[in-house]
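Just below is one structure, and these are the notes that go with it.
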Amino acid sequence: MAADSEQRFVQQLKKGVLEMLVLQLLTHQPCHGYELIVRLRDAGSGLLDLKEGTLYPILYRLEEEGAISSAWSSPEPGIRPGKVPRRIYTVTPRGTALLEQETELWHTFTACVDQALERDQP
């Protein structure tokens, strides 16, 4: 597969699963946006390397839908003075239900794709 074609394919795959992956990560631990970017990159061995302009619209949409909530962090005592507060995102019960639904759909979809690919093998 040519590099441009491969990159387009990966981009399309990412668009379909980023919301689910963000919810999954937030289920394990509330965190701020940049931390999510790092955790996605680490979890995806570089394939899930995102820019802020990709992640933040997902976070805003999930928050608007009630799947996540956010609150500004307050600087902890003893931490360097002037530390900037960060917006910490947390999954809500609605987000947990959405994650379960999306995960089930993902497994069904990937099973169908796997079956179709195996069927077409010589």
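Points worth noting:
- Looking across region 36-60 at every residue that is at pLDDT 90 or above and among the hydroxyl-bearing types (Ser, Thr, Tyr), the one that is surrounded by the fewest Cβ atoms within 10 Å (Cβ to Cβ) is identified as Tyr60.
- Just one residue in the set Glu76, Glu6, Glu63 is open to solvent by less than 100 Å² (accessible area, probe 1.4 Å) and modelled with pLDDT under 95; that residue is Glu6.
- Of the residues making up region 26-35, those that are at pLDDT below 95, open to solvent by less than 60 Å² (accessible area, probe 1.4 Å) and assigned to a helix (DSSP H, G or I) are Gly33, Glu35.
The values are calculated or read from the model by the stated rules, or taken from the named source; none is laboratory data. Owing to the predicted nature of the structure, the values given are computational and were not obtained by experimental measurement. For neighbour counting, all protein chains shown are included, and Cβ atoms are generated from backbone atoms with ideal geometry for every residue, glycine included. SASA here: full protein model, heavy atoms, side chains in, ligands and nucleic acids out. Shrake-Rupley method; radii C 1.70, N 1.55, O 1.52, S 1.80 Å.
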